[in-house]
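In what follows, a single structure is set out as structure tokens and then discussed.
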Amino acid sequence: MDADGAARTHGGPSAAAATWAVFRFEAERRLRASVLLAVGLSAFGLLFVWIVPDIVAGGNIEEVLASLPPAIVALLGFDTAASVEGLLAGEFYTFGWVVGLAGYVGYSGATAVSAPLGDDRLETLLAAPVARGSVLAGTFLALLVPVAVVNAVVPVVLYAGSRALGAPLSAGGLAAVHALSVPFLLTWGAVGVLSGVVVRRGRTAGRVVLALVFGAWLVESVTSISTYAWVGAVSPSRQFDAAAVLVDGRLDVAGAATLAVVTVAVLLAAQAVFARRDL
Amino acid sequence: MHPIELDGLTKRYGDVRGVEDLSLTVREGEVFGFLGPNGAGKTTTIRTLMGFQSPTAGTATVLGADVRDAAALRAARANVGYLPSEPGFDERVTGRRLLRYHGALRGDVRSETLLETFDPPLDRPVGDYSRGNRQMLAIVLAFMHDPDLVIMDEPTAGLDPLKQERFLSFVRAERARGKTFFFSSHVLGEVRKVCDRVGIVRDGRLAALEDVDDLLHRSGKAVRVEIAEPIEADAFALDGAHDVTVDGGGPEPGTAGAEEAPGAAGGTATAGATVSFTYTGRYEPLLRHLLGYEVVDLTVEEAPLEEVFMRFYDDGVAASPEPAAGTGALGDGDGGGP
């Protein structure tokens, strides 16, 4: 009873303890899907590592690309297709990370908020002495599980696989790409949370984010070769360029920092809306 | 400081009214019944008290915390239990995991004891639970931190009669420990069993605030008398007798030969009459009156509360809660299902 009395005088758990409890609960439930994603993306990546050297060695890919319109080449990320790293960045990371994983994290963030809003789970949770901010923070932080698991497993598998196939990829390059993808993915997670708070309606909130992820990639890719490149500056994918890291060894730390700032700003906006809204 | 005080609480959803200008006080240690038909504004009030939505005008305090002050209300909720009629849970996790989760958020000092009385299958995913099991889990969650105030929104809706009884006796035991309850319901039987006072809402407004005992007293007794001989229809036109009905072979006043008719049929059971009415007067005149007949059977019971409440629900007489204007045939008019 003493512990209870103490809890009462303090009016419930601290914000950190509440956030941690929410995080643990939400994170546990993300673990399974995260492992499956890591396995799937590893297999997909290994396929690249295995067949791409043959394509590159064939040599005629440059000729094919020369015959395609520049916009298509930019969209498909083929502008640096002459190397294994170029193709990996252009295809595997474009579709696996910039579109695929970003979409998954964004969708998860959105439905993690909108689904409990829709079926009274949030009321059950907020009947406890916890602030809405703690619930939102814990929910967002749980998105770190898929982000961390996938980005920890895939580069190791790709490196080991490429070594085994006799054409090792740059370990530093792989590590850098995956590290830089974390703020990028978290930005989409934050946008997802905001969508969940604003749109509210179950899967609709998730679909809005999927559309945004795809649209942002499309706009950034197409405008990057035009005089309207500034339009693509609003797209998070502008700040995450796997090809620059893997092919040119250029680390866009400023871009990652920008994404981190944007993530925090979007979360604060979501928080402001969530704190005032009727459930 | 009262556990709950509503002060002109108003909540509108756009043009749709939720509740309008509700003012009432829930006293410490009482079970306050918050009654009304579905759609009257009970859930709206409760959601506002819990801080799930903010009032349009007016306010309320819960354990001294203003519901418009999110931080104060959050702290106050450490000592509040919440039991909705259809609790929302994550369907994929087990009851045990949810117990641990919510215990981490609100503290757990008595879930083990509670689970002896309310025993959902903790190791199964909540998605597989029956409605009764979900509700039992919700009960454990609502009481696990031993709160001083429990806010319940039609809490027995999902429970079978046996579990309802178990829950209501649990509520009585908790009240005996000094706990306070805000108990929304449209089931009058349970209100009668546990509530000390009731507030009746109708169309978002407070229609009445009453002691349950007063209400029962005022509602009078349901009297049913079986008499061996036929009687005249106005034989029980006593002071304080309302809605007198006479059944079972009673002749029309002055009808000749009626006395032979039941006898000709050969059944002694049908020879008499059954009189039923609501009685709000003193017992003595009634008993003296009964001595003038050959009484075969007599029952005197509390009048169904339905009849009393219907007066508040019914537009025409809502403003004049006079004794025993009972209109009969009301049982199905109180909002029925959940």
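Every read-out reported here was derived from the displayed coordinates using simple, explicitly stated rules and does not represent laboratory data. None of these values were measured; they are calculated from a predicted model. Here the Cβ positions follow ideal geometry from the backbone for every residue, glycine too, while neighbour counts run over all protein chains shown.
Brief remarks follow.
- Out-of-range pairs (alpha-carbon distance over 22 Å; input B:11/B:163; B:11/B:179; B:193/B:221): B:11/B:163; B:11/B:179
- As computed over segment A:19-276, the Cα convex hull volume per residue (Å³): 119
- Rounded to the nearest 20 debye, the dipole size of the protein assembly as shown about its Cα centre is 3160 debye, using +1 on the Cβ of Lys and Arg and -1 on the Cβ of Asp and Glu.
- Taking only the alpha carbons of segment B:4-217, we obtain Rg and Dmax values of 16.7, 50 Å in that order.
- Against chain A, whose longest principal axis comes from its Cα atoms, helix A:253-276 is set at around 30 degrees.
- With the simple spin-label model, which puts each label point 7 Å out from Cα in the Cβ direction, the residue A:279 to residue A:170 separation comes to 5.1 nm.
- Packing-based ranking of A:122-132, A:266-276 yields A:122-132, A:266-276, ordered from highest to lowest mean Cβ neighbour count within 10 Å.
- For the protein assembly as shown, the spread of Cα positions along the three principal axes, ordered from largest to smallest, is 120, 57, 46 Å.
- Relative contact order, percent, segment A:19-276 [alpha-carbon distance under 8 Å, six or more residues apart]: 28
- Full extension of the segment from residue A:230 to residue A:47, taken as 0.36 nm per residue of separation minus the current Cα-Cα distance, would add 62.4 nm.
- Between the helical axis of A:202-223 and the longest alpha-carbon principal axis of chain A there is an angle of about 30 degrees.
- Gap separating the Cα centres of segment B:62-139 and segment A:152-186, nearest whole Å: 44
- Shielding score for B:82-89, defined as the mean number of other chain Cβ atoms within 10 Å: 4
- Where labels lie 7 Å past Cα in the beta-carbon direction, separation of residue B:21 and residue B:289 in nm: 4.2
- Global form of segment A:129-247, assessed from the alpha-carbon gyration tensor, a/c cut-off 1.5: oblate
- Residue B:238-residue B:209 FRET efficiency (beta carbon distance; Förster radius 41 Å; 0.05 resolution): 0.85
- Each peptide in A:91-97, A:211-217, A:182-188, B:229-235 receives the mean, over its residues, of other Cβ atoms within 10 Å, and ordering these scores from highest gives A:182-188, A:91-97, A:211-217, B:229-235.
- Per-residue 3J(HN,Hα) values for segment A:133-138, derived from phi via the Karplus relation 6.51 cos²θ - 1.76 cosθ + 1.60 with θ = phi - 60°, read x, 5, 5, 5, 5, x Hz in sequence order (x marks Gly and Pro).
- Net charge of Cβ neighbours under 13 Å - reference residue B:73; Lys, Arg +1; Asp, Glu -1: +3
- Here the sum of -39500 (n - 2.57) over DSSP H runs of 4 or more residues, divided by the residues of the protein assembly as shown, equals -15500 deg cm²/dmol at 222 nm, to the nearest 500.
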